[in-house]
Amino acid sequence: MTSSKRAAGLSSRTTVLIGIFVIVLVIGLAVPAAAAARTSATVKQWPVSFGPNDFIMAPDGTVFFSAPGVLVGRLNPSTNEVTTWPIATFHLAIGPAFSVEFNGQTFTDAFTVALVRLNGQVRLLLPSSGVVVRWVLPEGSLDIAASSRNIYATLITDEDTTAIASIEPTTDTLTTYDLPQSIAGPGGAIHGLSFGDGRLWFGVNEAEIGDVVSFEQKTGSLDPATSTVQLWSLFSSPGAVTFGLGRTATFASGSAWTMYHSTDPSLTGAYRLKPDSGKVEFYSAPFGTPASAPGFPAVENIDRASMAGGSAWGASTSEKDGVQTVQVARWQPLGFRSVASVSPEQPEVTVSTETLSRLVTQVTPTITTVTPDITTVTGTFTVPNVTVWGFTDRFISNRIALSLDGVVYLGLFIPSTGQSVLARLST
């Protein structure tokens, strides 16, 4: 009886093991096909005669972009229409609803486009009419963001790179929030503005970009209602970094996202700050060596990370054997990451106000229909959760835009031909 029971147990165990083997074999055979399905994407490319720079999604489903020093444009992906306004600009943001009088008429738009130039000129474009309102900041500026009421911009001087300007466009009121330079160090700066959850989010580098030094990357938030600032440290480099670039902080779904690409691969990826819980989550990415920064139109070669459709997205340009490759990454699912606890510091903020003068003009747009080139690309699926789509002989023309359902818009420049394109990646 005992021998019979033992034999029955062995038989049962063998059956279970065989069943597990079959399941594993079936899953193993199915994974490549599933991975291929997840990594297939459609790419549309609209060729243009200028170098696109910043991209931002509009509430009506169109995509606005800038060509530094040349124009601001709009792509309607449904009709393939590209509209351009001859307005010199650098970075842009979707601005608040606004009404303005010009030549005896009142012009109103439900949303506007806020534009900034490096010399500190801020413009608000009403796209339906081409009416433009201009203010001049007291200092130069690099970045811009907007809330439902205000326009925010960085202020850059030789001595101070940690000030933020806020323009209330209906009253022409400028409010300056001056933070101590010590939060960034001698070569550091505030960059990468984004507005969400009632606060302005920004990044702080504690070393000049490109320095061969150790450094610390921070994310900060400004609460305009209380004029207070909080700073969270995302990470510190364990040693000197030969080259690294970060774009921060895009606010989405209750989190501030930072994209960082470095010659230290252990630091490369997306950083997600959850301010309410005091957590920093790190999602690594196999991007390789960051590309050397070329000339116009790309000046940063890395893009913001953000979130849509339950996935995180980011983009950058890598370089190997002299060939540049744009890489768009998707982290899905978001469960695979490292998590660290972080407490904020609260630096002192000096607040001042003044009234700016406005200039109102009107520009005439040019509308063209551009036939896109449509191709299918397959990305590389990196276990456990990263998909990377590569575009060889390309570098990214700065920032991507991300729709709510995870469609990525970006500008690409092709070094071998000198051609620029507006591109869309749909998975």
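The values are calculated or read from the model by the stated rules, or taken from the named source; none is laboratory data. Note that this is a predicted model, so its numbers are computed, not measured. Glycine also receives a Cβ, built like all others from the backbone with ideal geometry; neighbour counts cover every protein chain displayed. Ligands, DNA and RNA are excluded from the accessible area calculation, which covers all protein heavy atoms including side chains. Shrake-Rupley method; radii C 1.70, N 1.55, O 1.52, S 1.80 Å.
Note that region 50-149 presents 33 Å² accessible area per residue, ligands and nucleic acids not counted, probe 1.4 Å. Here the ratio of the Cα radius of gyration of region 49-109 to 2.2 N^0.38 Å is 1.23.
Alpha carbon centre of region 51-85 versus region 362-403: separation in Å? Each part's Cα centre sits 13 Å from the other's.
Note on SER352 and GLN181: their simple-model spin labels are 1.5 nm apart, each label 7 Å out from Cα toward Cβ. Helix 2-39 and the longest principal axis of the C-alpha atoms of the chain enclose an angle of approximately 30°. Counting every alpha-carbon pair across the chain, the share separated by more than 33 Å comes to 36%. Charged side chains reduced to their Cβ positions (Lys and Arg at +1, Asp and Glu at -1) give region 98-211 a dipole of some 500 debye around its Cα centre.
Charge dipole of region 37-175 (Cα centre as origin; +1 on each Lys and Arg Cβ, -1 on each Asp and Glu Cβ, all else neutral): 560 debye, rounded to the nearest 20. Could you work out what % of the accessible surface of region 163-297 is carbon and sulfur, using a 1.4 angstrom probe and leaving DNA, RNA and ligands out of the count? Roughly 52 percent, rounded to a whole number. From a point 7 Å beyond the Cα of VAL363 in the direction of its Cβ, which residues of region 107-134 have a backbone N at a distance under 16 Å? Label zone hits: 112-134.
Only Cα pairs under 8 Å and 6+ residues apart enter the sum, and on that basis the relative contact order of the chain stands at 18 percent. For region 79-159, GluC sites (Glu not before Pro) meeting the loop criterion (DSSP other than H, G, I, E, B) and having at most 13 other Cβ atoms within 10 Å: GLU159.
Subtracting the Cα-Cα distance from 0.36 nm times the residue separation, let me have the gained length for ASP321 to THR289 in nm, one decimal. That pair, ASP321 and THR289, stretches by 10.5 nm at full extension. Rounded to the nearest 500, the helix-only mean residue ellipticity at 222 nm of the chain stands at -3500 deg cm²/dmol, with each DSSP H run of n ≥ 4 adding -39,500 (n - 2.57).
The modelled label-to-label distance between THR171 and SER416, using points 7 Å beyond Cα along the C-beta direction, is 5.7 nm.
The modelled label-to-label distance between LYS274 and ALA97, using points 7 Å beyond Cα along the C-beta direction, is 3.5 nm.
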